[in-house]
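Engineer: The structure follows.
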Amino acid sequence: MNTLVDSHCHLDDYTDLPEVLARAKAASVGRLLAVGIGDGPETMHRALEFAHTHPQVFATAGIHPQEAHQATPEHLAKLEKLVSDPRCIAVGEIGLDYYHLDNPDVPTQQAAFIAQLKIAAAACKPITIHCRTSELATPAAKQKYEQHGNPNAAWDDLLVLLDEHWVPTGLPGIMHCFSGNEEQAARSLAIGFYLSFAGNLTYPKSTTIQAVAKSAPADRILVETDAPFLTPIPLRGKRNEPAHVALTAKFLADLRGTTLENIADQTTANFHALFPTTA
Ligand SMILES: [Zn+2]
């Protein structure tokens, strides 16, 4: 089996991490990108600790949009310091989340996002993006987040902010757990982003994501688990872990009419192109 990369996983909460990493290795997952959002900025350094103790693990650091109200000068300074570490290869997951009613308001989320784009740009490191729309949100959340009843406001706002604050840097990024439509995919690809597909690609209702995954350019696709969340079929309902990225990769291979080996080679090469220090 060819080597796979899990381009986005959360390792913080595994009490059996050595076993989780051993199963990933046995499943040919040769690289893992551990996302450093912690339970909030206080613990966003944890992923980097894993990267320093496990050679196959690399880390990100960032303040999730759900914690945008915690993007204080002190926490942004902490982020800057983490990002200066060579094993911290990206800033994220950052972005906009217009789904949960309890999330910070739109101006707070956007300000935290812009501040972190500036930190990533100054460090010359790519970003990994979380974007969740209000399409399936409650009426109260829709009321809070949607301008003019636009269920795609999160994507529209995100792409406007990237155009202004990120595209001029010429740096790439990842649309983590890509769950948008064809237009959002095309706009992301046009600004140099990679589309990373998670376990929800395998769900029967994900026909739009599947259509995007089928036709996306081969040199811009990645696979991830977003573990411990979004367990792919046939293990849906159980806890997810990095070893299961192979199931999503196999599903993607079938969608694209190719082999698992081919998808493994391609997505691993793409990850190394995006992050040359991980090769
Ligand atoms: Zn995540």
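Where a number appears in this text, it was derived from the coordinates with a stated rule and is not lab data. These numbers were taken from a predicted model, which means no experiment stands behind them. Every residue, glycine among them, receives a Cβ derived from its backbone with ideal geometry; neighbour counts consider all protein chains shown.
Engineer: Karplus couplings for the range 82-91 from phi (6.51 cos²θ - 1.76 cosθ + 1.60, θ = phi - 60°), rounded to Hz, Gly and Pro as x?
Structural biologist: 4, 5, 6, 6, x, 7, 8, 9, 7, 9
Engineer: Also, I was wondering about something else. Compute the relative contact order of the range 15-63 as a whole-number percentage, counting only Cα pairs closer than 8 Å that sit 6 or more residues apart in sequence. Mind showing how you got there, number by number?
Structural biologist: On the way: 67 pairs, mean separation 16.8, N = 49.
RCO, the range 15-63: 34 percent.
Engineer: Now for a different question. What number comes out for the charge environment of THR231, summing +1 per Lys or Arg and -1 per Asp or Glu over other residues with Cβ under 9 Å away?
Structural biologist: Value of the local net charge: +2.
Engineer: Counting other beta carbons within 10 Å of each Cβ, put ARG236, ARG87, ARG46 in order, fewest first.
Structural biologist: By the 10 Å Cβ count, ascending, the order reads ARG236, ARG87, ARG46.
Engineer: Take the alpha carbon atoms of the range 132-155, find their center, do the same for the range 211-279, and report the distance between the two centers in whole angstrom.
Structural biologist: That distance is 29 Å.
Engineer: Something else about it: Could you please tell me the mean projected area of the C-alpha convex hull for the range 144-279, averaged over all directions and given in square nanometres to one decimal?
Structural biologist: 9.4
Engineer: While we're looking at this one, here's another question. Calculated from DSSP H runs of 4 or more alone, at -39500 (n - 2.57) each and per residue, what is the 222 nm mean residue ellipticity of the chain, nearest 500?
Structural biologist: -12000 deg cm²/dmol
Engineer: While we're here: Pop out the Kirkwood hydrodynamic radius of the range 14-128 from its pairwise C-alpha distances, inverse of mean 1/r, in Å to one decimal.
Structural biologist: 14.5
Engineer: Over the chain, what is the relative contact order in percent, taking alpha-carbon pairs closer than 8 angstrom and at least six residues apart?
Structural biologist: So the answer I get is 19 percent.
Engineer: Provide HIS100, HIS148 in ascending order of the number of other Cβ atoms located within 10 Å of each residue's Cβ, fewest first.
Structural biologist: Ordered from fewest to most neighbouring Cβ atoms within 10 Å, HIS100, HIS148 come out as HIS148, HIS100.
Engineer: While we're on this one: Once fully extended, how much extra length lies between ASP163 and ASP85, figured as 0.36 nm per residue of separation less the alpha-carbon to alpha-carbon distance?
Structural biologist: Result for the pair: 25.4 nm of gain on full extension.
Engineer: Please express the shape of the chain as an equivalent ellipsoid: the semi-axes are the square roots of 5 times the eigenvalues of the C-alpha gyration tensor, given largest first in whole angstrom.
Structural biologist: With the √(5λ) rule applied to the chain, the semi-axes are 26, 23, 18 Å.
Engineer: Continuing with this model, one more query. Test of understanding: ordering ASP105, ASP12, ASP226 by Cβ neighbours within 10 Å, fewest first, what list do you get? List each step's numbers first, then the result.
Structural biologist: Numbers: ASP105 11, ASP12 19, ASP226 24.
With the sparsest Cβ surroundings first, the list reads ASP105, ASP12, ASP226.
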